[in-house]
């Protein structure tokens, strides 16, 4: 088990420090005795600016993990490669599928902006996995997440283009990162498109434990109906995490309901905030 972990938010929708930059998206820097990683890269070079200001050396990254193929989690990879020239990238084979979302009847492209060949020329080595990728016994991706709960339905507004047709995107590329620590699992989410409760249950089953220290990341509840939010929050409460840190696409109402049910176990973090094992996290 990991006895030291520091997770720093480099990209997130909210910021309070005037020296840092916020944007729609996510990027985590993860520092452990077994390696240093980036989980997602946001949509611009903002994470590079924030890392420099926070004193984080991104040249020492072992691997980059991409949670899924949407632009606000993947586009920053281009800027990382332009600056550092090389990276191992762990992701699902569907990462480069042409992804769209229907918004007010209009089909908007929301996939990664850069082609695979271009990123390879810049130094990316892609490791495409549908199964969990095991960096060590204590650091693993979930791989594809099978749906268990009946209340975490997939968003019907997501599509992907196959040849000349558009089909519903099942978002099979959605994955999380699991850290097995001495205080319990930390489950890092991109958007949890496959369902946050599904994802955490998958992680618990994969790691053979029932103890969760923290669930941290986007939970894709910003536009979810109230009944769905209530069921999901109740499902999270039954999993009994020590902390929940909702970010990015979770949505204000869902965060509020989490706080009503789970109290001070729910923390509102911003760009630059850190989760560590050696001290209890607090909101800033």
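The values are calculated or read from the model by the stated rules, or taken from the named source; none is laboratory data. Since the model is a prediction, treat every value here as computed from it, not as a measurement. Cβ sites come from the backbone with ideal geometry, for glycine too, and all protein chains shown count toward neighbours.
Tell me which residues, restricted to region 138-182, are touching a strand residue (DSSP E or B) at 6+ places or on another chain (Cβ under 9 Å), farther than 19 Å from residue 99 by Cβ and either free of Cβ contacts under 8 Å to residues at least 12 places away in the same chain or in a strand (DSSP E or B) (or both).
Answer for region 138-182, where residues must be touching a strand residue (DSSP E or B) at 6+ places or on another chain (Cβ under 9 Å), farther than 19 Å from residue 99 by Cβ and either free of Cβ contacts under 8 Å to residues at least 12 places away in the same chain or in a strand (DSSP E or B) (or both): 139, 140, 141, 177, 178, 179, 180, 181.
Report the residue count in region 61-74 for those that are over 14 Å from the mean Cα position of the chain (by Cα) and closer than 22 Å to residue 12 by Cβ.
Count: 2.
Which count do you get for residues in region 188-212 that are outside any helix (DSSP H, G or I) and in contact (Cβ under 8 Å) with a residue 40 or more places away in the chain?
Count: 7.
Looking at region 257-267, is at least one residue in contact (Cβ under 8 Å) with a residue 60 or more places away in the chain and either under 25 Å from residue 91 (Cβ atoms) or buried (at least 22 other Cβ atoms within 10 Å of the Cβ) (or both)?
The answer is no; no qualifying residue exists.
Report, by residue number, each residue of region 93-133 that is modelled with pLDDT under 95 and assigned to a loop (DSSP other than H, G, I, E, B).
104, 105
Only one of these is in a loop (DSSP other than H, G, I, E, B) and in contact (Cβ under 8 Å) with a residue 24 or more places away in the chain: 90, 56. Name it.
When all the criteria are applied, what remains is 56.
Would you pick out the residues in region 59-76 that are in a helix (DSSP H, G or I) and in contact with a helix residue (DSSP H, G or I) (Cβ under 6 Å, 6 or more places away or on another chain)?
Once the filter is applied, which keeps residues that are in a helix (DSSP H, G or I) and in contact with a helix residue (DSSP H, G or I) (Cβ under 6 Å, 6 or more places away or on another chain), region 59-76 yields 59, 76.
I want to confirm something. Restricting to region 12-37 and keeping residues that are touching a helix residue (DSSP H, G or I) at 6+ places or on another chain (Cβ under 7 Å) and under 17 Å from residue 83 (Cα atoms), which single residue is surrounded by the fewest Cβ atoms within 10 Å (Cβ to Cβ)?
29
Please go through region 117-137 and pick out each residue that is within 22 Å of residue 191 (Cα to Cα) and either without any contact (Cβ under 8 Å) to a residue 12 or more places away in the chain or in contact with a helix residue (DSSP H, G or I) (Cβ under 9 Å, 6 or more places away or on another chain) (or both).
Result: 126, 128, 129, 130, 132, 134.
Quick check: anything in region 242-250 over 22 Å from residue 40 (Cβ atoms), in contact (Cβ under 8 Å) with a residue 40 or more places away in the chain and in a loop (DSSP other than H, G, I, E, B)?
yes
Report, by residue number, each residue of region 221-271 that is at positive phi and touching a strand residue (DSSP E or B) at 6+ places or on another chain (Cβ under 9 Å).
240, 248, listed by residue number.
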